[in-house]
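What follows is a set of notes on a single structure, which appears directly below.
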Amino acid sequence: MSNKVANRRIVLAERPRYIIPTANVFRMTEATMPEARAGQVLIRTTWLGVDSYLYSRLQRDSQFAVPVNIGDVMVGATVGRVEVSNHPDYKAGDIVHGFWGWQDYTVSDGSDIEKVDPEIPRATYMLGALGIPGLGAYAVINELVRVQAGETLAVGNALGGIGQIVSQLAKLKGARVLAAASTTEKCRYAKEHWGVDVCIDRSAKDFLPNAQTEFAKAGVDCYVMLAGGRVLDMALPYFRANARIAVCGMMSTYGLSSLPPGGDRTVLLMTEIMRRRLQIRGLVSTDYVGTPLAAQFRKEMKEYILSGKIKPLEHIVKGLEQAPETMQGLFEGRNFGKAVIHVAD
Ligand SMILES: NC(=O)c1ccc[n+]([C@@H]2O[C@H](COP(=O)([O-])OP(=O)(O)OC[C@H]3O[C@@H](n4cnc5c(N)ncnc54)[C@H](OP(=O)(O)O)[C@@H]3O)[C@@H](O)[C@H]2O)c1
(Lines give C-alpha, C1' and ligand atoms only; values in the text may rest on other atoms or scores of the structure.)
Protein backbone atom coordinates (compact mmCIF):
# COMPACT_ATOMS: atom_id res chain seq x y z
CA MET A 1 0.00 0.00 0.00
CA SER A 2 1.26 3.56 -0.77
CA ASN A 3 2.00 6.08 1.97
CA LYS A 4 -1.51 7.47 1.53
CA VAL A 5 -3.80 7.06 4.55
CA ALA A 6 -5.74 3.82 4.20
CA ASN A 7 -9.45 3.48 4.84
CA ARG A 8 -9.92 0.67 7.37
CA ARG A 9 -13.20 -1.14 6.76
CA ILE A 10 -14.89 -3.94 8.63
CA VAL A 11 -16.57 -6.21 6.09
CA LEU A 12 -18.84 -9.22 6.39
CA ALA A 13 -16.56 -12.26 6.01
CA GLU A 14 -19.24 -14.95 6.36
CA ARG A 15 -22.86 -15.32 7.45
CA PRO A 16 -23.41 -16.16 11.13
CA ARG A 17 -23.20 -19.92 11.67
CA TYR A 18 -24.35 -20.03 15.25
CA ILE A 19 -27.28 -17.61 14.96
CA ILE A 20 -25.57 -15.26 17.43
CA PRO A 21 -23.31 -13.14 15.20
CA THR A 22 -19.88 -13.84 16.68
CA ALA A 23 -17.05 -11.40 16.06
CA ASN A 24 -15.61 -13.95 13.58
CA VAL A 25 -18.20 -13.18 10.95
CA PHE A 26 -16.40 -9.88 10.32
CA ARG A 27 -12.96 -9.11 8.87
CA MET A 28 -10.90 -5.92 8.93
CA THR A 29 -9.68 -4.84 5.46
CA GLU A 30 -7.95 -1.75 4.11
CA ALA A 31 -8.97 0.19 1.04
CA THR A 32 -7.64 3.31 -0.61
CA MET A 33 -8.93 6.52 0.90
CA PRO A 34 -11.97 7.70 -1.05
CA GLU A 35 -11.72 11.16 -2.66
CA ALA A 36 -14.39 13.80 -2.61
CA ARG A 37 -15.32 14.75 -6.18
CA ALA A 38 -17.30 17.81 -7.24
CA GLY A 39 -20.49 18.01 -5.17
CA GLN A 40 -19.18 15.56 -2.57
CA VAL A 41 -17.78 15.63 0.94
CA LEU A 42 -15.13 13.40 2.52
CA ILE A 43 -16.12 12.33 6.04
CA ARG A 44 -13.93 10.98 8.85
CA THR A 45 -15.94 8.57 11.02
CA THR A 46 -15.74 9.56 14.66
CA TRP A 47 -18.44 7.35 16.17
CA LEU A 48 -20.50 4.39 15.15
CA GLY A 49 -23.48 2.71 16.76
CA VAL A 50 -23.58 -1.03 17.30
CA ASP A 51 -27.13 -2.36 17.23
CA SER A 52 -28.59 -5.81 17.71
CA TYR A 53 -31.37 -5.13 15.20
CA LEU A 54 -28.68 -5.11 12.48
CA TYR A 55 -28.44 -8.86 13.02
CA SER A 56 -31.09 -9.29 10.33
CA ARG A 57 -28.76 -7.60 7.81
CA LEU A 58 -26.20 -10.38 8.33
CA GLN A 59 -28.59 -13.15 7.37
CA ARG A 60 -28.90 -14.47 3.83
CA ASP A 61 -32.63 -13.81 3.75
CA SER A 62 -33.90 -10.94 5.81
CA GLN A 63 -37.59 -10.16 5.99
CA PHE A 64 -36.81 -6.64 7.15
CA ALA A 65 -33.99 -5.23 5.08
CA VAL A 66 -31.53 -5.86 2.27
CA PRO A 67 -28.83 -8.26 3.53
CA VAL A 68 -25.21 -7.09 3.56
CA ASN A 69 -23.27 -8.95 0.84
CA ILE A 70 -20.22 -10.99 1.78
CA GLY A 71 -17.21 -8.66 1.40
CA ASP A 72 -19.27 -5.48 1.85
CA VAL A 73 -18.76 -2.98 4.65
CA MET A 74 -20.94 -3.70 7.68
CA VAL A 75 -23.80 -1.22 7.80
CA GLY A 76 -24.61 0.89 10.83
CA ALA A 77 -25.45 4.36 12.08
CA THR A 78 -22.49 6.73 12.16
CA VAL A 79 -21.33 10.18 13.18
CA GLY A 80 -18.36 11.86 11.52
CA ARG A 81 -16.54 15.09 10.70
CA VAL A 82 -16.39 16.62 7.24
CA GLU A 83 -12.69 16.68 6.27
CA VAL A 84 -12.98 18.00 2.69
CA SER A 85 -16.03 19.67 1.20
CA ASN A 86 -16.83 20.22 -2.45
CA HIS A 87 -20.49 20.66 -1.56
CA PRO A 88 -22.11 24.08 -1.09
CA ASP A 89 -24.09 23.04 2.03
CA TYR A 90 -21.15 21.63 4.01
CA LYS A 91 -17.81 22.95 5.20
CA ALA A 92 -14.77 21.23 6.70
CA GLY A 93 -15.36 20.61 10.41
CA ASP A 94 -19.13 20.07 10.15
CA ILE A 95 -20.32 17.15 12.28
CA VAL A 96 -22.69 14.92 10.34
CA HIS A 97 -24.80 11.85 10.94
CA GLY A 98 -25.58 9.03 8.51
CA PHE A 99 -25.49 5.30 7.93
CA TRP A 100 -22.18 4.70 6.12
CA GLY A 101 -21.16 1.79 8.35
CA TRP A 102 -18.05 0.40 9.98
CA GLN A 103 -15.22 2.24 8.21
CA ASP A 104 -12.84 5.12 8.86
CA TYR A 105 -13.86 7.30 5.90
CA THR A 106 -16.65 7.72 3.39
CA VAL A 107 -17.74 10.17 0.71
CA SER A 108 -21.25 11.51 0.30
CA ASP A 109 -23.12 13.76 -2.10
CA GLY A 110 -25.11 15.08 0.86
CA SER A 111 -28.27 13.11 0.12
CA ASP A 112 -27.66 10.45 2.81
CA ILE A 113 -26.26 12.60 5.63
CA GLU A 114 -27.54 15.36 7.86
CA LYS A 115 -25.78 17.90 10.08
CA VAL A 116 -25.86 17.10 13.77
CA ASP A 117 -27.74 19.75 15.74
CA PRO A 118 -24.99 21.59 17.69
CA GLU A 119 -27.31 22.03 20.67
CA ILE A 120 -27.32 18.29 21.36
CA PRO A 121 -24.96 17.63 24.30
CA ARG A 122 -23.31 14.63 22.62
CA ALA A 123 -23.31 13.85 18.88
CA THR A 124 -23.43 10.15 19.83
CA TYR A 125 -27.02 10.61 20.94
CA MET A 126 -27.83 10.53 17.19
CA LEU A 127 -26.90 6.83 17.39
CA GLY A 128 -29.14 6.08 20.37
CA ALA A 129 -31.62 8.29 22.17
CA LEU A 130 -32.06 10.57 19.13
CA GLY A 131 -31.49 7.85 16.55
CA ILE A 132 -33.31 4.70 15.47
CA PRO A 133 -33.47 3.12 18.98
CA GLY A 134 -34.94 6.34 20.41
CA LEU A 135 -37.38 6.72 17.52
CA GLY A 136 -38.51 3.12 17.98
CA ALA A 137 -39.02 3.70 21.70
CA TYR A 138 -40.96 6.88 21.03
CA ALA A 139 -43.21 5.12 18.50
CA VAL A 140 -43.79 2.25 20.94
CA ILE A 141 -44.90 4.60 23.72
CA ASN A 142 -46.92 7.06 21.64
CA GLU A 143 -48.31 4.90 18.83
CA LEU A 144 -48.14 1.21 19.65
CA VAL A 145 -48.99 0.84 23.34
CA ARG A 146 -50.10 4.40 24.19
CA VAL A 147 -49.35 3.89 27.87
CA GLN A 148 -51.46 5.98 30.25
CA ALA A 149 -50.67 7.45 33.68
CA GLY A 150 -51.18 4.88 36.40
CA GLU A 151 -50.80 1.89 34.07
CA THR A 152 -48.05 -0.70 34.43
CA LEU A 153 -45.64 -1.12 31.53
CA ALA A 154 -43.28 -4.08 31.44
CA VAL A 155 -40.08 -4.04 29.35
CA GLY A 156 -37.00 -6.29 29.11
CA ASN A 157 -33.37 -5.30 28.37
CA ALA A 158 -33.68 -2.28 30.64
CA LEU A 159 -30.30 -0.79 29.69
CA GLY A 160 -30.37 -1.49 25.94
CA GLY A 161 -30.87 1.15 23.27
CA ILE A 162 -34.66 0.84 23.12
CA GLY A 163 -35.36 -0.38 26.66
CA GLN A 164 -33.71 2.58 28.40
CA ILE A 165 -35.75 5.14 26.41
CA VAL A 166 -39.01 3.15 26.66
CA SER A 167 -38.59 3.05 30.47
CA GLN A 168 -37.84 6.75 30.79
CA LEU A 169 -40.65 7.85 28.43
CA ALA A 170 -43.11 5.60 30.27
CA LYS A 171 -42.10 7.20 33.58
CA LEU A 172 -42.66 10.66 32.04
CA LYS A 173 -46.19 9.50 31.11
CA GLY A 174 -46.79 8.63 34.77
CA ALA A 175 -46.76 4.86 34.30
CA ARG A 176 -45.37 2.27 36.67
CA VAL A 177 -42.38 0.60 34.99
CA LEU A 178 -41.52 -3.01 35.60
CA ALA A 179 -38.25 -3.80 33.83
CA ALA A 180 -35.90 -6.77 33.55
CA ALA A 181 -32.16 -7.09 32.96
CA SER A 182 -29.45 -9.70 33.27
CA THR A 183 -27.56 -8.37 36.30
CA THR A 184 -28.23 -6.77 39.67
CA GLU A 185 -25.99 -3.87 38.68
CA LYS A 186 -28.03 -3.15 35.55
CA CYS A 187 -31.24 -3.29 37.59
CA ARG A 188 -29.81 -0.96 40.22
CA TYR A 189 -28.81 1.56 37.54
CA ALA A 190 -32.29 1.56 35.96
CA LYS A 191 -33.96 2.17 39.30
CA GLU A 192 -31.53 4.80 40.59
CA HIS A 193 -31.09 6.83 37.41
CA TRP A 194 -34.41 6.51 35.59
CA GLY A 195 -36.87 5.85 38.40
CA VAL A 196 -37.80 2.39 37.13
CA ASP A 197 -40.14 1.08 39.84
CA VAL A 198 -39.17 -2.58 39.78
CA CYS A 199 -36.38 -4.34 37.90
CA ILE A 200 -36.25 -8.12 37.82
CA ASP A 201 -32.77 -9.61 37.71
CA ARG A 202 -32.94 -12.50 35.23
CA SER A 203 -29.76 -14.04 36.61
CA ALA A 204 -31.04 -14.23 40.20
CA LYS A 205 -31.73 -17.68 41.66
CA ASP A 206 -35.18 -16.57 42.78
CA PHE A 207 -36.00 -15.02 39.37
CA LEU A 208 -39.18 -17.07 38.88
CA PRO A 209 -40.91 -16.35 42.20
CA ASN A 210 -39.70 -12.72 42.07
CA ALA A 211 -41.13 -12.19 38.60
CA GLN A 212 -44.39 -13.88 39.49
CA THR A 213 -44.80 -11.73 42.60
CA GLU A 214 -44.04 -8.50 40.76
CA PHE A 215 -46.31 -9.23 37.80
CA ALA A 216 -49.11 -10.39 40.10
CA LYS A 217 -48.96 -7.18 42.17
CA ALA A 218 -50.20 -4.80 39.51
CA GLY A 219 -50.94 -6.80 36.37
CA VAL A 220 -49.56 -5.70 33.02
CA ASP A 221 -51.25 -3.04 30.87
CA CYS A 222 -48.45 -2.66 28.32
CA TYR A 223 -45.69 -5.08 27.42
CA VAL A 224 -42.75 -4.06 25.24
CA MET A 225 -41.20 -7.21 23.88
CA LEU A 226 -37.48 -6.82 23.23
CA ALA A 227 -36.36 -10.21 24.45
CA GLY A 228 -39.39 -12.47 24.91
CA GLY A 229 -38.35 -15.68 26.67
CA ARG A 230 -38.76 -16.27 30.39
CA VAL A 231 -39.84 -12.73 31.24
CA LEU A 232 -42.70 -12.90 28.74
CA ASP A 233 -43.67 -16.34 30.03
CA MET A 234 -43.92 -14.95 33.52
CA ALA A 235 -45.94 -11.90 32.43
CA LEU A 236 -48.43 -13.81 30.29
CA PRO A 237 -50.87 -14.84 33.05
CA TYR A 238 -50.94 -11.28 34.41
CA PHE A 239 -51.97 -9.32 31.34
CA ARG A 240 -54.99 -7.15 32.10
CA ALA A 241 -57.96 -7.08 29.75
CA ASN A 242 -57.18 -4.95 26.68
CA ALA A 243 -53.45 -4.92 27.42
CA ARG A 244 -51.26 -3.78 24.54
CA ILE A 245 -48.13 -5.61 23.43
CA ALA A 246 -45.45 -4.08 21.18
CA VAL A 247 -43.31 -6.70 19.48
CA CYS A 248 -39.93 -5.11 18.82
CA GLY A 249 -37.49 -8.01 19.02
CA MET A 250 -36.77 -11.41 20.51
CA MET A 251 -33.23 -11.29 21.92
CA SER A 252 -33.85 -14.51 23.84
CA THR A 253 -34.44 -16.52 20.67
CA TYR A 254 -31.63 -15.24 18.43
CA GLY A 255 -29.19 -17.71 19.97
CA LEU A 256 -31.44 -20.76 19.77
CA SER A 257 -31.09 -23.53 17.24
CA SER A 258 -34.20 -25.31 18.53
CA LEU A 259 -37.28 -24.41 20.54
CA PRO A 260 -36.71 -23.63 24.22
CA PRO A 261 -37.48 -26.38 26.74
CA GLY A 262 -41.20 -26.76 27.18
CA GLY A 263 -41.98 -26.36 23.51
CA ASP A 264 -43.73 -23.74 21.49
CA ARG A 265 -45.77 -21.30 23.56
CA THR A 266 -47.59 -19.74 20.62
CA VAL A 267 -50.85 -21.50 21.47
CA LEU A 268 -50.70 -20.11 24.99
CA LEU A 269 -50.04 -16.62 23.69
CA MET A 270 -52.88 -16.85 21.16
CA THR A 271 -55.27 -18.05 23.85
CA GLU A 272 -54.38 -15.09 26.03
CA ILE A 273 -54.77 -12.68 23.12
CA MET A 274 -58.31 -13.95 22.57
CA ARG A 275 -59.33 -14.36 26.19
CA ARG A 276 -58.18 -10.94 27.32
CA ARG A 277 -58.62 -9.06 24.00
CA LEU A 278 -54.93 -8.18 23.98
CA GLN A 279 -53.63 -5.95 21.26
CA ILE A 280 -50.27 -6.84 19.76
CA ARG A 281 -48.44 -4.59 17.34
CA GLY A 282 -45.12 -5.06 15.64
CA LEU A 283 -42.46 -2.35 15.41
CA VAL A 284 -40.11 -1.57 12.55
CA SER A 285 -38.56 1.71 13.71
CA THR A 286 -37.45 2.73 10.24
CA ASP A 287 -41.12 2.91 9.12
CA TYR A 288 -41.28 6.19 11.02
CA VAL A 289 -38.22 7.84 9.46
CA GLY A 290 -39.29 11.06 7.70
CA THR A 291 -42.80 11.01 9.21
CA PRO A 292 -44.43 13.76 11.32
CA LEU A 293 -43.95 11.45 14.33
CA ALA A 294 -40.17 11.44 13.72
CA ALA A 295 -40.11 15.25 13.57
CA GLN A 296 -42.08 15.44 16.81
CA PHE A 297 -39.74 12.83 18.33
CA ARG A 298 -36.59 14.83 17.49
CA LYS A 299 -38.06 18.00 18.97
CA GLU A 300 -39.42 16.39 22.15
CA MET A 301 -36.45 14.10 22.78
CA LYS A 302 -34.00 17.00 22.41
CA GLU A 303 -36.01 18.98 24.99
CA TYR A 304 -36.12 15.98 27.32
CA ILE A 305 -32.35 15.51 27.07
CA LEU A 306 -31.55 19.20 27.50
CA SER A 307 -33.85 19.44 30.54
CA GLY A 308 -32.42 16.25 32.04
CA LYS A 309 -35.79 14.43 31.92
CA ILE A 310 -34.22 11.74 29.73
CA LYS A 311 -30.73 10.62 30.69
CA PRO A 312 -29.24 8.44 27.95
CA LEU A 313 -26.69 5.83 29.01
CA GLU A 314 -23.90 4.88 26.60
CA HIS A 315 -21.56 1.93 26.62
CA ILE A 316 -18.47 3.46 24.99
CA VAL A 317 -15.83 1.23 23.40
CA LYS A 318 -12.65 2.64 21.82
CA GLY A 319 -11.40 1.56 18.36
CA LEU A 320 -13.05 0.61 15.06
CA GLU A 321 -11.50 -2.87 15.39
CA GLN A 322 -13.63 -3.46 18.52
CA ALA A 323 -16.94 -3.22 16.62
CA PRO A 324 -17.33 -6.98 15.87
CA GLU A 325 -16.59 -8.00 19.46
CA THR A 326 -18.94 -5.30 20.73
CA MET A 327 -21.72 -6.59 18.49
CA GLN A 328 -21.22 -10.10 19.84
CA GLY A 329 -21.37 -8.61 23.34
CA LEU A 330 -24.91 -7.30 22.71
CA PHE A 331 -26.08 -10.89 22.34
CA GLU A 332 -24.34 -11.82 25.59
CA GLY A 333 -25.65 -8.82 27.53
CA ARG A 334 -22.15 -7.33 27.99
CA ASN A 335 -23.22 -3.79 27.09
CA PHE A 336 -24.09 -1.48 29.97
CA GLY A 337 -26.15 0.99 27.93
CA LYS A 338 -26.38 1.82 24.23
CA ALA A 339 -23.23 0.53 22.55
CA VAL A 340 -21.22 3.11 20.60
CA ILE A 341 -17.70 2.86 19.20
CA HIS A 342 -15.29 5.77 19.43
CA VAL A 343 -13.48 5.53 16.10
CA ALA A 344 -11.53 8.81 16.15
CA ASP A 345 -11.52 12.20 17.88
N1 LIG B 1 -38.20 -3.49 15.57
C2 LIG B 1 -37.32 -2.51 15.51
O3 LIG B 1 -37.47 -1.56 14.76
C4 LIG B 1 -36.12 -2.57 16.40
C5 LIG B 1 -35.22 -1.51 16.49
C6 LIG B 1 -34.14 -1.61 17.38
C7 LIG B 1 -34.00 -2.78 18.14
N8 LIG B 1 -34.91 -3.78 18.00
C9 LIG B 1 -34.84 -5.01 18.79
O10 LIG B 1 -35.04 -4.69 20.15
C11 LIG B 1 -34.30 -5.59 20.95
C12 LIG B 1 -33.37 -4.80 21.87
O13 LIG B 1 -32.50 -4.03 21.07
P14 LIG B 1 -31.72 -2.80 21.69
O15 LIG B 1 -31.02 -2.13 20.57
O16 LIG B 1 -32.61 -2.03 22.55
O17 LIG B 1 -30.71 -3.55 22.66
P18 LIG B 1 -29.13 -3.52 22.65
O19 LIG B 1 -28.67 -2.17 23.08
O20 LIG B 1 -28.67 -4.06 21.35
O21 LIG B 1 -28.80 -4.55 23.78
C22 LIG B 1 -29.17 -5.89 23.63
C23 LIG B 1 -29.52 -6.43 25.00
O24 LIG B 1 -30.22 -7.66 24.84
C25 LIG B 1 -30.10 -8.40 26.04
N26 LIG B 1 -29.95 -9.83 25.74
C27 LIG B 1 -28.92 -10.44 25.12
N28 LIG B 1 -29.14 -11.76 25.05
C29 LIG B 1 -30.35 -11.98 25.64
C30 LIG B 1 -31.13 -13.13 25.91
N31 LIG B 1 -30.72 -14.35 25.53
N32 LIG B 1 -32.31 -13.00 26.54
C33 LIG B 1 -32.76 -11.79 26.91
N34 LIG B 1 -32.06 -10.65 26.70
C35 LIG B 1 -30.87 -10.76 26.07
C36 LIG B 1 -28.89 -7.85 26.79
O37 LIG B 1 -29.36 -7.14 27.94
P38 LIG B 1 -29.78 -7.87 29.30
O39 LIG B 1 -29.43 -9.32 29.09
O40 LIG B 1 -29.00 -7.23 30.35
O41 LIG B 1 -31.24 -7.66 29.44
C42 LIG B 1 -28.30 -6.82 25.82
O43 LIG B 1 -27.75 -5.73 26.50
C44 LIG B 1 -33.55 -6.52 20.01
O45 LIG B 1 -34.33 -7.69 19.87
C46 LIG B 1 -33.52 -5.74 18.71
O47 LIG B 1 -33.46 -6.59 17.59
C48 LIG B 1 -35.95 -3.70 17.15
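Couple of notes before you dig in:
- Of all residues in the range 154-193, those that are in a loop (DSSP other than H, G, I, E, B), away from the ligand (no atom under 12 Å from the Cβ) and either on the phi < 0 side of the Ramachandran plot or under 21 Å from the mean Cα position of the chain (by Cα) (or both) total 2.
- Qualifying residue in the range 134-145 (condition: in contact with a Gly (Cβ under 7 Å, 6 or more places away or on another chain) and at pLDDT 95 or above): yes
- Any pair with Cβ under 6 angstrom, 6 or more apart, that starts in the range 323-345 at a residue that is closer than 12 Å to THR22 by Cβ and ends at one that is near the ligand (Cβ under 10 Å from one of its atoms) and polar (S, T, N, Q): GLY329/ASN335; LEU330/SER52
Here is a yes/no grid of residues against (1) more than 11 Å from the ligand (Cβ to nearest atom); (2) touching a helix residue (DSSP H, G or I) at 6+ places or on another chain (Cβ under 6 Å); (3) of a type outside the set (A, V, I, L, M, F, W, C); (4) in a loop (DSSP other than H, G, I, E, B):
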residue	(1), (2), (3), (4)
ASN242	yes, no, yes, no
ILE316	yes, no, no, no
PRO324	yes, yes, yes, no
GLY329	no, no, yes, no
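- Residue ID - farthest from the chain's Cα centre (by Cα), chosen from residues in the range 39-52 that are away from the ligand (no atom under 16 Å from the Cβ) and farther than 18 Å from ASP72 by Cα: GLY39
- The residue that is nearest to GLY163 (Cα to Cα), counting only those in the range 66-75 that are without any contact (Cβ under 8 Å) to a residue 60 or more places away in the chain and within 16 Å of the ligand (Cβ to nearest atom), is VAL75.
- Taking the range 64-93 as the range and being outside any loop (DSSP other than H, G, I, E, B) and more than 28 Å from the chain's Cα centre (by Cα) as the test, the residues that pass are GLU83, VAL84, SER85.
- Single residue of TYR55, TYR90 found to be among the aromatic types (Phe, Trp, Tyr), within 16 Å of the ligand (Cβ to nearest atom) and on the phi < 0 side of the Ramachandran plot: TYR55
- Only residues that are crowded, with 18+ Cβ neighbours inside 10 Å, over 23 Å from THR266 (Cα atoms), away from the ligand (no atom under 12 Å from the Cβ) and of a type in the set (A, V, I, L, M, F, W, C) were counted across the range 194-233, and they come to 3.
The values are calculated or read from the model by the stated rules, or taken from the named source; none is laboratory data. These numbers come from a predicted model, not from an experiment. Note that we place each Cβ from the backbone using ideal geometry, even for glycine, and neighbour counts take in every protein chain shown.
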